[in-house]
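The values are calculated or read from the model by the stated rules, or taken from the named source; none is laboratory data. These numbers were taken from a predicted model, which means no experiment stands behind them. Cβ sites come from the backbone with ideal geometry, for glycine too, and all protein chains shown count toward neighbours.
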Amino acid sequence: MSNPDFEQLSAAQKATTDALAAIMRTSFEAMQRLAELNMAAARDAFSNNVDTIGKLAASKDLSAMAPLGQELAKPERMMEYWRDVYGLVSAMQKDVSSVMQANYSQLAKTAASAIEQKMSSGAGGGDAISEVMKNMLEQGNKAFDNMAAMASQMTSMANAQIHSATSAMAGPAGSGDKGRAGPAAKAGGRK
């Protein structure tokens, strides 16, 4: 193999490695933010439940217990959580897509050019090297397609949860509890 061929192959491999490392870094950062979001939501739910249960235990009047029981199940909090998840997943999908677009089109052109040069040179072993490079290009295509599909699937799941939470909020709102929007907006916020 001549030196320019080796340099071209090396450059293509480095570009692939850099692109995949950037995607993995983005994925790990998103997973870290998701874990932090889940911990904050769990901490908030635990704190609110302990406060509400304490109030229920201290209450001596049944009429005072009904509003406290409603505090345990607040769809506003669930809606806020899924909005945060949706925002996180959307940002991750955008980041992954930008890395893919920025690096992959150039990588594919470089790899295709190298394959064509190798096949046209007719040098000994050129077919084997070309097949290896074609295989690398195909595997790269599959990896990028899988990452894009995964990000799209996560976005769809988050979107479905947001719609579910919206439906859950619309149910009680339609039952005649017209004053719910004002206090819910005040009570639904998280730190």
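Overview of results
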read-out	value
Residue in segment 26-67 that is farthest from TYR104 (Cα to Cα), counting only those that are among the basic types (Lys, Arg) and at pLDDT 90 or above	ARG43
Selected residue (criterion: nearest to the chain's Cα centre (by Cα)) from residues of segment 1-18 that are over 13 Å from MET133 (Cα atoms) and at pLDDT below 80	ALA15
Unmet criterion (only one of (1) surrounded by 12 or more Cβ atoms within 10 Å (Cβ to Cβ); (2) without any contact (Cβ under 8 Å) to a residue 60 or more places away in the chain) for LYS60	(1)
Residues satisfying the stated conditions in segment 30-52, i.e. surrounded by 13 or more Cβ atoms within 10 Å (Cβ to Cβ) and touching a helix residue (DSSP H, G or I) at 6+ places or on another chain (Cβ under 8 Å)	ALA30, ARG33, LEU34, LEU37, ALA41, ASP44, ALA45, ASN48, THR52
Odd one out for ALA102, checked against (1) surrounded by fewer than 17 Cβ atoms within 10 Å (Cβ to Cβ); (2) at pLDDT below 75	(2)
Qualifying residue in segment 1-21 (condition: aliphatic (A, V, I, L, M) and not in a helix (DSSP H, G or I))	yes
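Yes or no, residue by residue, for (1) modelled with pLDDT of 75 or more; (2) crowded, with 18+ Cβ neighbours inside 10 Å; (3) under 23 Å from GLU36 (Cβ atoms):
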residue	(1), (2), (3)
TYR81	yes, yes, yes
VAL89	yes, yes, yes
MET92	yes, yes, yes
LEU107	no, yes, no
ALA114	no, yes, no
MET157	yes, no, yes
HIS163	yes, no, no
SER167	yes, no, no
